[in-house]
Amino acid sequence: MLVCLLFTDDTVPVILSLSVEYEVTSLQDRCETFLTNTLEHVQNHESERIDIPTLLRYIEWSKVHDLLNILEQVVNLLVRYDVKLLKQAGVKTCPYVSGELWTEILEKRNSLMTTFLENVAGKGNYCNN
């Protein structure tokens, strides 16, 4: 019997959970590949930006199923959002976002903004006068 699965943001959590429960590693790998490809397309501006609530669901899936690569990609997408928007969307209080992860998001956001400002200003170091 041939079974065709449609991988979407709505179906992946169910498929992933069942594949873990029944130890179907090939299906787990396909789910992880789908998530990785989706996030890479967004990072490379090949598809639309993912909203914060969806990224929080990705964090949940990555934490529950120990998908560290997915978690890293999600953090890299979250840093592109303004801190005020992240707070309004509840990132800081999300049960899957630890204090350590929140700090990592803020540090990467700071680094991204510093690099942006250095490129705009055309200068390397603001501390030296």
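The values are calculated or read from the model by the stated rules, or taken from the named source; none is laboratory data. Being a predicted model, the structure only gives us computed values, none of them experimental. Areas reflect the complete protein model, heavy atoms only, side chains present, ligands, DNA and RNA absent. Shrake-Rupley method; radii C 1.70, N 1.55, O 1.52, S 1.80 Å.
Which value at 222 nm does the chain reach when only helices count, each DSSP H run of 4 or more adding -39,500 (n - 2.57), with the total divided by all residues and rounded to the nearest 500 deg cm²/dmol? Result for the chain, helices only: -20500 deg cm²/dmol. Pairs of Lys residues in the chain, spaced 8 or more positions apart or belonging to different chains, with C-alpha separations under 22 angstrom: 8 in total. Share of pairwise Cα-Cα distances greater than 26 Å in the chain is 32 percent (whole percent).
Solvent-accessible surface (1.4 Å probe) assigned to V120 amounts to roughly 100 Å².
Accessible area per residue for the chain is 66 Å², calculated with a 1.4 Å probe on protein heavy atoms, without ligands, DNA or RNA.
Given a 10 angstrom Cα cut-off, can you work out which residue in L86, L39, L68 is the most mobile in a GNM of the chain? Evaluated over the chain, the most mobile residue of the options is L68.
When the solvent-accessible surface of protein heavy atoms is calculated with a 1.4 angstrom probe, in what order do D9, D66 fall, highest first?
Result, largest first: D66, D9.
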